[in-house]
Amino acid sequence: MACISPDGKPTESGSKMLRALKGGLGSPEKIAKEAGLPLFRVRSGLRELAEAGLAKQKDDRYELSEEGAKLIK
Amino acid sequence: MEEIKEQTGHMPRIGEPAPAFEAVTTHGKLKLEDFKGSWLILFSHPADFTPVCTTEFIAFTEIHPELQKRGVELLGLSVDSTSSHIAWVRNVEEKTKVRISFPIIADLNKEVSLAYGMIHPGQSKTETVRCVFIIDPNQIIRTILYYPLTTGRNMDEILRIIDALQTTDKNAVATPANWRPGDMVVVPPPNTQEMAEERLKQGYECTDWYLCKKKL
């Protein structure tokens, strides 16, 4: 897992993506720009965050889940 | 015949969609579709902790910023494990101060290698040869290069091919032998006699009706 450590906490890149999602529903392109990460890393990272229940996918865009929001407070 | 096919897998061709994959890499699980919209250089190497591959990884890292300026991502592959890749990347950094900046697929089950025809049993039945697949933003294979195990790749040529492909796409032209950015490009040959006659009046530098060049 590139965005979630084995202990279940987000890695540095995972945290960057979660913080970028703070502004609400965003496309991978927007998140990549805000997080300063390559688009391919963000696409795979957002999938991981969603699988871990930290983000939610709505069509082609993502937003923070309640769990994800708690982590970046 | 079937045995050879089993060992080599599918041989992709230029102009075909790149075979889809989902693979474990040093940057997490990646799918081919994650690279949609970017150019991608997918390349294989025989094994981690080997001399020629180490020089190639350093060389790929050195051209990575130039590739990124052109909207190109890099993705390496060998049949070694993620742990081996991580250990090798860390070793390269420790010994040479070069930090490998791109993901590397750990293709332990050879799924991607076989889909891309990267195993050539005449060279090695267990390792991938040195392949380069240049895949465009629509995920179509645009160039395939194969090098033997003993010959390291030429980064200038890889950059030159990217420049040539992007110039071709942007301007609907072709590029002549040994072309470099800034050189004249080849105007596509005419398809009719009328077009051939008109071609000669259009101010291009023409050797004859079928070979005309222009400056961009």
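The values are calculated or read from the model by the stated rules, or taken from the named source; none is laboratory data. Predicted, not measured: the structure shown is a model, and the values here were computed from it. Note that we place each Cβ from the backbone using ideal geometry, even for glycine, and neighbour counts take in every protein chain shown. Please note that ligands, DNA and RNA were not included when accessible areas were found on the heavy atoms of the full protein model with its side chains. Shrake-Rupley method; radii C 1.70, N 1.55, O 1.52, S 1.80 Å.
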Open item on the list: Please go through region B:98-144 and give me each residue that is touching a strand residue (DSSP E or B) at 6+ places or on another chain (Cβ under 9 Å), surrounded by fewer than 20 Cβ atoms within 10 Å (Cβ to Cβ) and among the hydroxyl-bearing types (Ser, Thr, Tyr), ordered by number.
Closed with: B:Ser101, B:Thr143
Open item on the list: For region B:84-97, give me each residue that is under 20 Å from A:Phe40 (Cα atoms) and open to solvent by 60 Å² or more (accessible area, probe 1.4 Å).
Closed with: B:Ile86
TODO: Identify the single condition in (1) more than 21 Å from A:Arg41 (Cα to Cα); (2) in a loop (DSSP other than H, G, I, E, B) that B:Ile100 does not satisfy, given that it satisfies every other one.
DONE: (1)
Task: Output for region A:18-51, where each listed residue is part of a loop (DSSP other than H, G, I, E, B), within 12 Å of another protein chain (Cβ to nearest Cβ) and open to solvent by 40 Å² or more (accessible area, probe 1.4 Å) - done: A:Pro38
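Name the residues in region B:150-171 that are open to solvent by 40 Å² or more (accessible area, probe 1.4 Å) and in contact with a Ser or Thr (Cβ under 7 Å, 6 or more places away or on another chain), would you?
Restricting attention to region B:150-171, the residues satisfying the condition of being open to solvent by 40 Å² or more (accessible area, probe 1.4 Å) are B:150-151, B:154, B:156-157, B:160, B:166, B:168-171.
Residue satisfying the conditions is B:Thr168 alone.
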TODO: Kindly provide the set of residues from region B:172-216 that are under 26 Å from B:Ile140 (Cα atoms), touching a residue at least 24 places away in the same chain (Cβ under 8 Å) and open to solvent by 60 Å² or more (accessible area, probe 1.4 Å), ordered by number.
DONE: B:Leu216
Open item on the list: I need the full set of residues from region B:104-137 which are without any contact (Cβ under 8 Å) to a residue 12 or more places away in the chain and of a type in the set (S, T, N, Q), in order please.
Closed with: B:Asn109
Open item on the list: Between B:Pro12, B:Pro65, which is closer than 30 Å to B:Thr168 by Cβ and modelled with pLDDT under 95?
Closed with: B:Pro12
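Hey, could you check region A:1-15 for residues that are buried (at least 21 other Cβ atoms within 10 Å of the Cβ) and not in a loop (DSSP other than H, G, I, E, B) and say which is nearest to the other protein chains (Cβ to nearest Cβ)?
Residues of region A:1-15 buried (at least 21 other Cβ atoms within 10 Å of the Cβ): A:3, A:10, A:14.
Pick out the ones that are also not in a loop (DSSP other than H, G, I, E, B) and you get A:10, A:14.
Working: A:Pro10: 12, A:Gly14: 10 Å.
Checking each candidate, the answer is A:Gly14.
Quick one: which of B:His85, B:His64 is under 30 Å from A:Ser27 (Cα atoms), within 14 Å of chain A (Cβ to nearest Cβ) and not in a loop (DSSP other than H, G, I, E, B)?
Being under 30 Å from A:Ser27 (Cα atoms), within 14 Å of chain A (Cβ to nearest Cβ) and not in a loop (DSSP other than H, G, I, E, B) holds for just one of B:His85, B:His64, which is B:His64.
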Open item on the list: Looking at region B:28-58 only, could you name the residues that are within 14 Å of another protein chain (Cβ to nearest Cβ) and open to solvent by 40 Å² or more (accessible area, probe 1.4 Å)?
Closed with: B:Lys29, B:Lys31, B:Glu33, B:Lys36, B:Gly37
